[in-house]
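Any read-out appearing in this document is the output of simple, stated calculations on the displayed coordinates, not a laboratory observation. Everything numeric in this text was worked out from a predicted model, so none of it was measured. Note that we place each Cβ from the backbone using ideal geometry, even for glycine, and neighbour counts take in every protein chain shown.
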Amino acid sequence: MRKIFVACASALALGACERAPEPAADSAAGPARAALSVHEAWARAADSGAMTAVYFTLANGSAVSDTLTGASTDAADEAGLHMSMQQGNTMHMAAVRALPVPAEDSVLFRPLGAHVMLMGLRRPLADGDTVPLTLRFVSGQTLEVRAGVRVP
Amino acid sequence: MSIRSLLVAAVVASLTACAERPWHGVAMDPANPAPPLSIAGTLAEPATRFTLADAKGDVVLLYFGYTHCPDVCPTTMSDWVRAKRALGPDTSGVRYVFVSVDPQRDTPELSAAYARQFDKAFVGVSPTDDELGLLLKEWAIAAYPEGDPRTNAYTVAHPAHTFVVDRDGRLRLMIPPGVRGEDIAEDLRRLR
């Protein structure tokens, strides 16, 4: 994870990493601010449904844990953290108020698990489009994510 | 041992291996006749109607979900798309049917459009409240709203598996979520 942090930090300096466009000089504000990053973000295409989901890997390269508390986007009326869970033969989906992102660890948002649910899509999402997403953390930090729309 | 007997042994071995090859889905044993399933839909739109008995002779994939489902249902539909693609250009002999268990929000037209967005051949139907009550009982499956059904934001608990009915109308497989489309296709090839 340390390596990912380093790679991400250097990528950030080049402006290539998928995360908040914080200027490098801002790192003086504290290393923890630069440590959260999102990788491989994608949204499922939806052309007539009002719903879809966004998936990504959320990495915390710092030694301080943080907690994801919410998401927002201009692509939909609502964005929320959700978790799909199978209990016996039945599938459930529950809203998640807060999702811890432990220090030097990462959390996977993936199909059949944690995802950001987009409700009330304001436009159809087609293969190749981009969905902007803002992730909010309990620390006050936010991450700007651009998720590519895919037909998986 | 002659080459001929070696060949024979190899063929026998491969046939045995074939017969014993495990399914990717969960095989029902015994494979009993599938419970009845009949959705009247609307008279105006034939795409909103489906009766399982009419599909005899074809393999039928059934999924009980809802269109406001952002993760599990579209993931399963995408796996179906991959399975259909993996089966190749001959698409005959397999039907793909999405059955809504959320009649409050899913009109027959909405379910039909929802299924069609994944593949034009996919059928999507919405039962009436009475049809839903009957099918939950006969299929021995659970589906119920979670959260406040007076808002638009409730979710629906629903069966996790894809049900596969064979050409003779028997319930043969339950495919758990997460099985790759290519593996679903492998099972369907054996049933088609």
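Some points to look at:
- Counting DSSP beta bridges with both ends in chain B, the antiparallel % (nearest 5): 60 percent
- For segment B:134-151, the residues whose backbone nitrogen is under 13 Å from a point 7 Å from the Cα of B:Asn32, taken along Cα to Cβ, are B:138-141.
- Counting, for every residue in A:99-110, the Cβ atoms of other protein chains within 10 Å of its Cβ and taking the mean gives 0.
- Using the Cβ-Cβ distance between B:Ala40 and B:Arg180 with R0 set to 30 Å, the FRET efficiency works out to roughly 0.30.
- Sites A:Ala98 and B:Arg21, calculated FRET efficiency, Cβ-Cβ separation with R0 56 Å, nearest 0.05: 0.80
- Applying both filters, DSSP loop and at most 13 other Cβ atoms within 10 Å, to the trypsin sites (Lys or Arg not before Pro) of segment A:64-152 gives A:Arg97, A:Arg122.
- Dipole magnitude for segment B:14-154: about 420 debye, using +1 per Lys or Arg Cβ and -1 per Asp or Glu Cβ, origin at the Cα centre.
- Comparing B:Val26, B:Val59, B:Val123 in a Gaussian network model of chain B where C-alpha atoms under 10 Å apart are linked, the largest mean-square fluctuation is found at B:Val26.
- Legend: mean number of C-beta atoms from other chains within 10 angstrom of residue C-beta atoms, peptide B:112-118, equals 3.
- Label reach from B:Ala113 (point 7 Å along Cα→C-beta): in segment A:50-82, amide nitrogens under 20 Å belong to A:50-53, A:75-78.
- Distance from the C-alpha centroid of segment A:60-82 to that of segment A:113-152: 10 Å, rounded to the whole angstrom.
- Top positive-direction residue, dipole computed over segment A:73-152 with Cβ charges, set A:Leu135, A:Val107, A:Val96: A:Val96
- Taking the helices alone, chain B has a mean residue ellipticity at 222 nm of -10500 deg cm²/dmol, built from -39,500 (n - 2.57) per DSSP H run of at least 4 residues and averaged over all its residues.
- Against chain B, whose longest principal axis is taken from its Cα atoms, helix B:72-86 shows a tilt of about 40°.
- Under a Gaussian network description of chain B, with springs only between Cα atoms under 10 Å, the residue in B:Thr107, B:Thr155, B:Thr128 that fluctuates furthest is B:Thr155.
- Taking every residue in B:153-162 and counting other chain Cβ atoms within 10 Å of its Cβ, the average works out to 5.
- Among B:Pro177, B:Pro46, B:Pro159, the largest mean-square fluctuation in a Gaussian network model of chain B, built with springs joining Cα atoms closer than 10 Å, belongs to B:Pro46.
- Taking label points 7 Å from Cα along the Cα-to-Cβ direction, A:Val138 and A:Glu40 give a separation of 2.7 nm.
- Segment A:27-152 - Rg over Rh from alpha carbon coordinates, Kirkwood radius: 0.98
- The ratio of the alpha-carbon radius of gyration of segment B:10-157 to the globular-protein estimate 2.2 N^0.38 Å is 1.18.
- Cβ-derived FRET efficiency at R0 22 Å, B:Thr128 paired with A:Asn89, nearest 0.05: 0.35
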